[in-house]
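Trainee: The structure is given below, and queries will be raised subsequently.
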Amino acid sequence: MGAAGDRHGFYVGLGLALASSVFIGGSFILKKKGLLRLCGRGRPRAGHGGHAYLREWLWWAGLLCMGIGEAANFAAYAFAPATLVTPLGALSVLVSAVLSSTFLNEQLNVHGKIGCVLSILGSTVMVIHAPQEEEVSSLESMAEKLKDPGFIVFAVCVLVSSLLLIFVAGPRYGRSNVLVYVLVCSAIGSLSVSCVKGLGIALKELFAGKPVLKEPLGWVLLVCLVICISVQINYLNKALDIFNTSVVTPIYYVLFTTSVMTCSAILFKEWQHMVLDNIIGTISGFLTIVSGIFLLHAFRDVPFSPDLLPLFLQQGRADLRTAWRDTDRHQSCQHQPLLPSEDKSSQSTEEEEGESV
């Protein structure tokens with residue numbers, strides 16, 4: 001019965017994670033469309049610190065989609081380990097890339113398509129080899145894990161680095177380097193996932209009839225989650241307003257996934273009891289995703305043509321074309337004597353007839 005319940009929870013978490021990727025991928029497109037409309041009207045841009053997007057209904061539609069996606073993601077973390085749910089965010093990159101090429105006229109070339117396929121394959125491998133987290137069934141056990149010195153050091157590093165990025169690197173490099181604002185969203189996002197996991201446990205206890213509302217930890221996690229999501233939304237809007245969606249989305253996914261996997265490994269000890277094949281599978285799947293995201297991002301504006309092939313492949317292609325021409329010429333030479341022989345025989349026959357006459 002316990003195994004069946006675990007399997008049921010796996011499929012519920014998987015379905016919620018897939019739905020979350022679809023809604024979150026679509027939210028990027030709606031937000032970008034709203035920001036482009038504001039730019040066309042001459043309103044203050046989000047990249048310059050403006051908040052005119054709060055009056056744009058397309059932006060609110062994107063926010064609603066993101067809210068639905070985050071809610072589904074929230075529920076998925078309650079049913080499945082974080083390292084199972086987070087890699088499926090690669091599908092949001094695929095959805096965003098396909099929709100941006102359709103509705104935003106952002107080109108998706110063959111490199112991008114290969115990158116999307118690699119992201120899906122890598123996510124599948126990571127799901128198959130997903131590590132098992134330590135069982136956390138109550139807020140008390142969650143509080144004990146939050147007091148772990150390793151997690152405290154990680155959280156302090158995340159907060160300090162985020163403050164440096166916001167107040168030091170942001171004003172100087174925020175408009176020229178996409179990593180500045182995306183790193184803020186990713187680092188803070190790793191803490192928001194921990195808050196989501198704790199709130200999911202609190203909701204399970206609440207539905208079980210336990211007095212969760214009297215526990216201060218649940219309220220602290222809720223406040224921290226609201227703050228983290230607010231920071232993420234603000235700086236994600238800045239990144240989307242300044243840079244291309246096809247750039248922001250994959251980089252955000254890679255950095256966010258890395259941050260969440262690191263936080264989950266420290267907080268929930270997910271890698272502690274893994275066997276070697278699962279470790280290799282998880283790392284290989286993640287590297288496959290990163291490779292796909294790199295193809296999707298690095299060559300997004302490069303048109304694919306045979307001239308882009310390496311020189312040795314171009315030489316081989318030229319030699320193959322020459323060989324084909326020689327083969328065709330040889331075959332044509334083999335068939336040519338048939339007609340001339342007929343012509344010669346006919347000519348000789350005509351000459352004999354002429355002589356006899």
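The values are calculated or read from the model by the stated rules, or taken from the named source; none is laboratory data. Just so we're clear, the structure is a prediction, and the values are computed from it rather than from any experiment. Here the Cβ positions follow ideal geometry from the backbone for every residue, glycine too, while neighbour counts run over all protein chains shown. Accessible surface areas use protein heavy atoms only, side chains included; no ligands, DNA or RNA. Shrake-Rupley method; radii C 1.70, N 1.55, O 1.52, S 1.80 Å.
Trainee: Evaluate the following for Leu240: is it over 16 Å from Asn73 (Cβ atoms), buried (at least 21 other Cβ atoms within 10 Å of the Cβ) and hydrophobic (A, V, I, L, M, F, W, C)?
Mentor: Numbers: over 16 Å from Asn73 (Cβ atoms): yes; buried (at least 21 other Cβ atoms within 10 Å of the Cβ): yes; hydrophobic (A, V, I, L, M, F, W, C): yes.
Yes: the conditions hold for Leu240.
Trainee: Can you name the helices (runs of 4 or more DSSP H) wholly within region 83-163 that have at least 1 residues being in contact with a strand residue (DSSP E or B) (Cβ under 9 Å, 6 or more places away or on another chain)?
Mentor: Numbers: elements: 90-103, 110-128, 139-146.
In region 83-163, there are no helices (runs of 4 or more DSSP H) which contain 1 or more residues that are in contact with a strand residue (DSSP E or B) (Cβ under 9 Å, 6 or more places away or on another chain).
Trainee: Could we say that Ser141 is polar (S, T, N, Q), without any contact (Cβ under 8 Å) to a residue 40 or more places away in the chain and in contact with a helix residue (DSSP H, G or I) (Cβ under 9 Å, 6 or more places away or on another chain) here?
Mentor: yes
Trainee: When residues of region 195-210 are filtered for being within 17 Å of Ala17 (Cβ to Cβ) and open to solvent by less than 10 Å² (accessible area, probe 1.4 Å), how many remain?
Mentor: Looking only at that region, the number is 1.
Trainee: If you don't mind, there's one more thing I want to ask. How many residues are open to solvent by less than 10 Å² (accessible area, probe 1.4 Å) and over 15 Å from Ser21 (Cβ atoms) if we restrict to region 248-257?
Mentor: Adding up the residues that qualify gives 1.
Trainee: If you don't mind, another one. Looking at Val260, is it open to solvent by less than 40 Å² (accessible area, probe 1.4 Å) and among the β-branched types (Val, Ile, Thr)?
Mentor: On the way: open to solvent by less than 40 Å² (accessible area, probe 1.4 Å): yes; among the β-branched types (Val, Ile, Thr): yes.
Against the criterion (open to solvent by less than 40 Å² (accessible area, probe 1.4 Å) and among the β-branched types (Val, Ile, Thr)), Val260 qualifies.
Trainee: Mind listing just one residue for me: the one in region 74-88 that is surrounded by 24 or more Cβ atoms within 10 Å (Cβ to Cβ) and not aliphatic (A, V, I, L, M) and, of those, nearest to Lys197 (Cα to Cα)?
Mentor: My answer is Tyr77.
Trainee: Please work out which residue is nearest to Trp60 (Cα to Cα), limiting yourself to region 228-250 and to residues that are aliphatic (A, V, I, L, M) and modelled with pLDDT of 80 or more.
Mentor: Going residue by residue through region 228-250, those that are aliphatic (A, V, I, L, M) are 229, 231, 233, 236, 239-240, 242, 247-248.
This time we only want the ones that are modelled with pLDDT of 80 or more, so: 229, 231, 233, 236, 239-240, 242, 248.
Numbers: Ile229: 15, Val231: 17, Ile233: 12, Leu236: 14, Ala239: 17, Leu240: 15, Ile242: 19, Val248: 19 Å.
The qualifying residue nearest to Trp60 (Cα to Cα) is Ile233.
Trainee: Now for a different question. Please specify each residue of region 153-199 satisfying the condition of being of a type in the set (Val, Ile, Thr) and within 25 Å of Val220 (Cα to Cα). Don't jump to the end; show me each part of the working.
Mentor: Residues of region 153-199 that are of a type in the set (Val, Ile, Thr), as a first pass: 153, 156, 158, 160, 166, 168, 178, 180, 182, 184, 188, 193, 196.
Val153, Val156, Val158, Val160, Ile166, Val184, Ile188, Val193, Val196 - these are the residues of region 153-199 that are of a type in the set (Val, Ile, Thr) and within 25 Å of Val220 (Cα to Cα).
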